[in-house]
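Notes for the one structure printed next.
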Amino acid sequence: MLRVLIVDDEPIYRLALRELIRWEDYGCEIVGEASNGLDALRLVTSLRIDLVIADIQMPILSGIEFLKQLRESEEGRKIAVVVLSAYSQYEYVRQAFVYGVHDYIIKEDLNAELVGETIEKTVGRIGEANDKNEQIQRESLARSERMKEETLLSILLSETLPQPDDTFAEVWINAASGAKHVLCCLFIERGISAENRELDSQRSRLISHSIRQVGEGYRLEPVIASVGAREYALLFRIPGSSGELQAREIITDTANKIISHIRDYMNLSATVGVSKACISRETWPEQYRLARRWAEAKYYLGAGRAYFEEDIAGYPSQLQENAWDTQALVHDLESGNPEWRSKLDAGLDKLAKAYGVPVGTTLKTYQALLWEVGSLLYSRGLNWTDIGERNSPAERLSHFENAGQLNIWFRSLMQTVIDNIDPKKRILENSPPLVDKVKKWIDRHYQEPISLMLASEAAGISESYLSKIFAKETGETFIEYVTRRRVEQAILFMTSGMKIYEIAEKVGYPNQGHFSKIFKKVTGKTPLEYREQMLSK
């Protein structure tokens, strides 16, 4: 509700204005009355007035003088004013408009309709002005936030201060100097589904909003800078009255609440690395580097939590021993020596437990082996594309969220290499008996959940290799073959008296709707239509 003050030295006009219209219909309430401009000025300050209806001629302080003094303050310039005047006071009205009055009302024409129209128009203009002021404030706040983000990024990434002519940034930096700050690094997991692989700008804004909301709730004056698609640098200013233990408690609560908000409201997993509190701006880059290192522990120890120095600093920051003898392992792969698997598994286990080692350091061990294996493939007239890898495996290393995911893929990749370079195995596996073996396995298990992975495990070869030779020998993909065999079996059950849903379950489709779609795609008819056609013959 807009707060209204009526100012007139004649009580009859104050009464008329109060009773002529239903002020609540216009979103207004009368919160005060005054008989002269001097009293009105005091009430404006104490009652937080939005709209004043004031007479032009009053004792002690006239309406014009009241306007002059009202407009001297910033708050007074925001207040809307409607003046009351007599027919003979147009010169005063003209002066009033110089001081920004919104409208005027002639006292001799005072009636409910006239006053209502004037108030409605004035309230509309107040709303427009408030909307404009709010927009200006939002834009100013957004510019301020962008400046802080850009300055923070500049300091953390290039360790440079703002340019001398960047006054806004310089003022902020000066204000931050001497205060206690904490740097945090926040990582967002990619997620499993395809749409999560690249965070769009809207989701990024929601993440920043969640962080800011939590930080402001603890009075931490958060600054949030997007470092990359899934990495955010956070700067929190610790309240000056907070002791060391209290500050640690506040930051711990803040980090955990940020993680839970992002998980609950956006279905994303977040990890936060937290630095020690620091006072000097010059230490921000180093503290962020450490916070990022603590956050990287999620690669080994799991995502979705906050990591502090004491969680990681006790572990060695370098690999204590080589994960494997690269040359010996490549030789085993080349010769088909089955010991390659145990050597590889032992090394992968070491790398998965290198908790204090920076991820980049760990990945170099994988890269070194990949370079040697790539050379081995080249010597056999092959490359990574020939064995089913669309992109360079070395480039894929950094795409994995944790060591467990990476090791599963890496082990499968090495198995694929063996499948393609072992001459004896290639001769054996390219022969029809292998495909026949897989077909028989499908015939035994078509009632159960079937996948290429399960079939490859049963055959003792890699998924990519099985997929390639199966399509080559049968002219169908693995999935196409499984689907066709299931539909053929379903047709055999059509005259058995079983219900459609029972047939669906019998051939490995627990969902009848899904079964009907698959069946129609293969036969051109729904199961019910197909059975009716069979029975009519």
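The values are calculated or read from the model by the stated rules, or taken from the named source; none is laboratory data. Quantities reported herein were computed from a predicted structural model and do not represent experimental measurements. Note that we place each Cβ from the backbone using ideal geometry, even for glycine, and neighbour counts take in every protein chain shown.
Is at least one residue of region 226-247 part of a strand (DSSP E or B), surrounded by fewer than 14 Cβ atoms within 10 Å (Cβ to Cβ) and free of Cβ contacts under 8 Å to residues at least 12 places away in the same chain?
yes
Scan region 302-331 residue by residue and report those that are within 30 Å of ILE188 (Cβ to Cβ), out of contact with any helix residue (DSSP H, G or I) (no Cβ under 8 Å at 6 or more places or on another chain) and in a helix (DSSP H, G or I).
GLU310
Within region 52-68, identify whether any single residue is in a helix (DSSP H, G or I), surrounded by fewer than 17 Cβ atoms within 10 Å (Cβ to Cβ) and in contact (Cβ under 8 Å) with a residue 12 or more places away in the chain, and answer yes or no.
yes
Out of curiosity, is GLU334 part of a helix (DSSP H, G or I), at pLDDT below 90 and charged (D, E, K, R)?
In short, yes.
ILE408 versus (1) of a type in the set (Val, Ile, Thr); (2) part of a loop (DSSP other than H, G, I, E, B); (3) surrounded by fewer than 19 Cβ atoms within 10 Å (Cβ to Cβ): which is the lone unmet condition?
(2)
Within the set of pairs 6 or more residues apart or between chains, which connect a residue that is exposed (fewer than 15 other Cβ atoms within 10 Å of the Cβ) inside region 298-324 to a residue that is assigned to a loop (DSSP other than H, G, I, E, B) and not hydroxyl-bearing (Ser, Thr, Tyr) with Cβ atoms less than 6 Å apart?
TYR315/GLY356; PRO316/GLY356; SER317/GLY356
For region 471-501, how many residues are over 20 Å from LYS439 (Cα atoms) and more than 44 Å from the chain's Cα centre (by Cα)?
Adding up the residues that qualify gives 8.
Hey, can you tell me all the residues within region 254-292 that are assigned to a strand (DSSP E or B) and surrounded by 20 or more Cβ atoms within 10 Å (Cβ to Cβ)?
Of everything in region 254-292, those that are assigned to a strand (DSSP E or B) and surrounded by 20 or more Cβ atoms within 10 Å (Cβ to Cβ) turn out to be ALA270, THR271, VAL272, GLY273, VAL274.
Does PRO338 fit the bill of being farther than 26 Å from GLU463 by Cα, surrounded by fewer than 16 Cβ atoms within 10 Å (Cβ to Cβ) and not aromatic (Phe, Trp, Tyr)?
No, not satisfied.
Could you go through region 332-344 and let me know if any residue there is free of Cβ contacts under 8 Å to residues at least 60 places away in the same chain and aliphatic (A, V, I, L, M).
no
Restricting attention to region 444-475, report how many residues are touching a Lys or Arg at 6+ places or on another chain (Cβ under 7 Å) and in a helix (DSSP H, G or I).
Qualifying residue count for the region: 1.
Among (1) within 16 Å of LEU84 (Cβ to Cβ); (2) at pLDDT 90 or above; (3) of a type outside the set (A, V, I, L, M, F, W, C), which single condition is ARG18 missing?
Unmet condition: (2).
Conditions (1) among the β-branched types (Val, Ile, Thr); (2) at pLDDT below 90; (3) surrounded by 17 or more Cβ atoms within 10 Å (Cβ to Cβ); (4) assigned to a strand (DSSP E or B), marked per residue:
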site	(1), (2), (3), (4)
LEU161	no, yes, no, no
GLY178	no, yes, no, no
PHE187	no, no, yes, yes
GLY215	no, no, yes, no
